[in-house]
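Heads up, the thing below is written out as structure tokens.
The values are calculated or read from the model by the stated rules, or taken from the named source; none is laboratory data. Small disclaimer: the values here were computed from a predicted structure and weren't measured. Using ideal geometry, Cβ is built from the backbone for each residue, glycine included, and neighbour counts are taken over all protein chains shown.
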Amino acid sequence: MDEVLLLSRLQFGITVIYHFLFVPLTIGLVILVAMMQTKYATTLDPMYDRMARFWGKLFSINFVLGIVTGITMEFQFGTNWSEYSKYMGDIFGSPLAIEALVAFFLESTFIGIWLFGKDRLSPKMRAFAIWMVALGTNISAVWIITANGFMQNPVGYVLRNGRVELENFGAVLTNPYVWHMFFHTVIACYIVGAFFVMGISAYHLLRKNEVDFFKKSFKYGLIMALVATTLTPFIGHKNGTYVASVQPAKGAAMEAIWETEQGAPFHILQIPDPANERNAVEAISIPKLGSFFYTNSFNGEITGLKDIPADERPPVNLVFYSFRIMVALGLLFLAIAWYGYYLYRKDRLLDSPRYLKTTLYSILLPYVAINLGWIVAEVGRQPWVVYGLMKTAEGVSPISLSQIIFSLSGLVVFYTILIIADVYLLVKYAKKGPEVLDAATVGGMKHVS
């Protein structure tokens with residue numbers, strides 16, 4: 001592979017992974033903060049005001065640092081992927097422009113109102129403001145995934161003068177791939193937010209610190225975890241069947257299916273290319289389950305990798321094992337959530353330190369799972385940057401190797417500093433716990449009755 005292409009792909013991949021360390025928590029945590037803020041607005045119980053302030057502070061830290069990584073990512077379409085931008089700009093630019101003009105300004109405006117007006121706004125106005133932030137983050141996800149969805153499943157376009165031009169904006173917006181990916185991604189973000197709240201709450205509950213406060217916080221995270229982890233297998237299955245129908249190479253790689261067959265098994269371990277006898281192993285498989293996962297029929301047919309040109313196959317190992325680890329983690333999250341529900345209902349949560357430690361140590365696992373899902377989605381599309389229309393090698397900018405090495409090195413250093421700052425601040429304020437509010441501060445307005 002050309003060195004400039006390889007490093008450009010590496011740079012964009014690193015950028016996305018760094019950015020995706022901020023985005024899921026932003027989308028997942030803001031809903032919980034909004035729920036807490038709303039609970040305070042309707043009950044005027046000071047406990048919920050403190051909860052909204054504490055978790056809102058952690059949300060704000062993550063939100064602010066995440067903006068920087070997102071802006072840097074978009075510049076790369078001009079610096080590293082100019083040929084792609086020329087080819088796709090007419091379609092790719094529209095959703096991103098709408099995302100910036102609508103979603104970004106919506107969430108940025110109201111996060112400012114919510115943060116800086118906390119001692120001036122009424123509880124109901126603060127609840128409205130944070131819900132607008134939540135709306136903005138989800139609208140942002142819609143438009144970004146709309147742009148990515150076209151890359152995965154091009155629709156509503158016409159080829160003219162050697163480039164893709166927008167013909168039907170409605171088709172781009174209603175692209176089935178977009179909505180399968182949107183719901184799967186956003187629900188996964190809710191899992192990140194839920195386990196973040198549960199894990200930090202578990203940390204304090206283990207130390208018997210602010211027990212009532214963190215027990216209620218844990219409940220909020222647990223409710224979101226129950227809903228999100230229970231929905232994920234069904235939404236993921238729907239997404240998987242659709243992906244396999246429009247991207248057969250990705251579907252085959254996810255299951256390591258080499259020969260086209262009906263009633264294909266689900267391989268727990270990968271079965272290598274049968275033509276390469278040196279790599280032959282006895283695969284551990286569940287009969288017919290692979291076909292069911294991707295066709296909704298135990299006897300459904302899956303196109304094998306051997307019926308796909310070799311230069312159009314994705315890296316099978318990376319896609320296969322990323323998918324399996326993601327699924328295994330999803331089942332673990334489901335078990336943690338429902339066992340936590342059992343303990344909470346039995347009022348045994350505080351008497352279960354092993355469970356609380358498990359929840360605490362699981363904070364980072366949803367990040368791992370969601371980034372593995374990104375690897376499956378994006379690496380599984382390779383070698384296409386726009387599926388079936390433009391290969392990744394054709395989209396790279398005509399830049400020198402020294403330029404990409406310089407920008408990549410600077411990017412890694414800059415992003416690493418941001419991640420260290422984010423983790424340091426989150427850990428610092430998470431361990432510190434909620435502030436003790438005086439009577440004049442509780443309620444959000446110091447001088448308005």
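Output the number of residues of region 350-394 satisfying the condition of being assigned to a loop (DSSP other than H, G, I, E, B) and of a type in the set (F, W, Y).
Result for region 350-394: 1.
Consider only pairs whose beta carbons are under 9 Å apart and that are at least six residues apart or on different chains; among these, list those whose first residue lies in region 291-319 and is at positive phi and whose second residue is β-branched (V, I, T).
As it stands, the answer is N296/T241, since those pairs meet every condition given.
Considering only residues of region 420-449 that are at pLDDT 85 or above and β-branched (V, I, T), which is nearest to P123 (Cα to Cα)?
Within region 420-449, the match that is nearest to P123 (Cα to Cα) is V427.
If we scan region 112-124, do we find a residue that is touching a strand residue (DSSP E or B) at 6+ places or on another chain (Cβ under 7 Å), at negative phi, acidic (D, E) and touching a residue at least 60 places away in the same chain (Cβ under 8 Å)?
No, region 112-124 contains no residue that is touching a strand residue (DSSP E or B) at 6+ places or on another chain (Cβ under 7 Å), at negative phi, acidic (D, E) and touching a residue at least 60 places away in the same chain (Cβ under 8 Å).
Looking only at region 71-104, how many residues end up being under 19 Å from L135 (Cβ atoms) and touching a residue at least 12 places away in the same chain (Cβ under 8 Å)?
The qualifying residues number 7.
Which one is surrounded by the fewest Cβ atoms within 10 Å (Cβ to Cβ) among residues in region 395-428 that are in contact with a Phe, Trp or Tyr (Cβ under 8 Å, 6 or more places away or on another chain) and either part of a helix (DSSP H, G or I) or β-branched (V, I, T) (or both)?
Looking at residues that are in contact with a Phe, Trp or Tyr (Cβ under 8 Å, 6 or more places away or on another chain) and either part of a helix (DSSP H, G or I) or β-branched (V, I, T) (or both), I get I419.
Looking at the structure I just gave you, is I191 under 23 Å from G240 (Cβ atoms), touching a Ser or Thr at 6+ places or on another chain (Cβ under 8 Å) and surrounded by 24 or more Cβ atoms within 10 Å (Cβ to Cβ)?
Here the answer is yes, as I191 does meet what is asked.
Could you grab me the full set of residues in region 300-319 that are outside any loop (DSSP other than H, G, I, E, B), surrounded by fewer than 21 Cβ atoms within 10 Å (Cβ to Cβ) and either among the hydrophobic types (A, V, I, L, M, F, W, C) or in contact with a Ser or Thr (Cβ under 6 Å, 6 or more places away or on another chain) (or both)?
D307, A310, L318
Within region 126-185, work out how many residues are surrounded by fewer than 16 Cβ atoms within 10 Å (Cβ to Cβ) and over 16 Å from G89 (Cα atoms).
4
Farther than 30 Å from E435 by Cα, aliphatic (A, V, I, L, M), at pLDDT below 85 and under 28 Å from the mean Cα position of the chain (by Cα): which single residue out of L231, L289 fits that description?
After applying the criteria, what remains is L289.
Of the residues that sit in region 32-70 and are crowded, with 22+ Cβ neighbours inside 10 Å and of a type in the set (V, I, T), which one is farthest from W131 (Cα to Cα)?
Checking each candidate, the answer is T69.
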